[in-house]
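Throughout, read-outs are computed from the coordinates displayed, never taken from laboratory work. Note that the structure is a prediction, hence the values are computed from the model and not measured.
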Amino acid sequence: MRRKVIRMILPDFLIDHPDGEVRLNGHRIGLHEVADRYWGGYSPEMLREEFPTLPLALIHKLIAFCLENQDEVAAYLSAYGAESARQESRTKPSAAAERIRRRLMSRASAIRSTCL
């Protein structure tokens, strides 16, 4: 998924993946995944539980990077979210996926009506 380029000087623990996503070096975990959760209220320990392959020390380094580069990281996250939304809006679910979705919605509605 090619992203709009937001220029940041990345430390050695972050890489600019060829698809345009900033990821933790040696992991398939994106900067957006950790930063969104951190700014959403996750503590470093909660992040460690969410991403068990990341050492706590690396999580602390990533948080420090986000805090020291708030404007650039916020711009990257905004561009990432906008591009993801744009690409998602361009994809049309298959007919089978739509049928399954309608069935699930119907079942959820039936369950809600019996609970009232």
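Assorted remarks:
- Along the range 80-86 the Karplus relation, 6.51 cos²θ - 1.76 cosθ + 1.60 evaluated at θ = phi - 60°, assigns HN-Hα couplings of 4, x, 5, 5, 4, 5, 4 Hz to successive residues, with x for each Gly and Pro.
- Under the Karplus curve 6.51 cos²θ - 1.76 cosθ + 1.60, θ = phi - 60°, whole-Hz ³J(HN,Hα) for the range 32-41, x wherever Gly or Pro sits: 4, 5, 7, 5, 4, 5, 4, 6, x, x
- Counting only DSSP H runs of at least 4 residues, each contributing -39500 (n - 2.57), and dividing by the residue count of the chain, the helix-based mean residue ellipticity at 222 nm comes to -20000 deg cm²/dmol.
- Rg [Å, one decimal], Dmax [Å, integer] - the chain, C-alpha atoms: 18.6, 56
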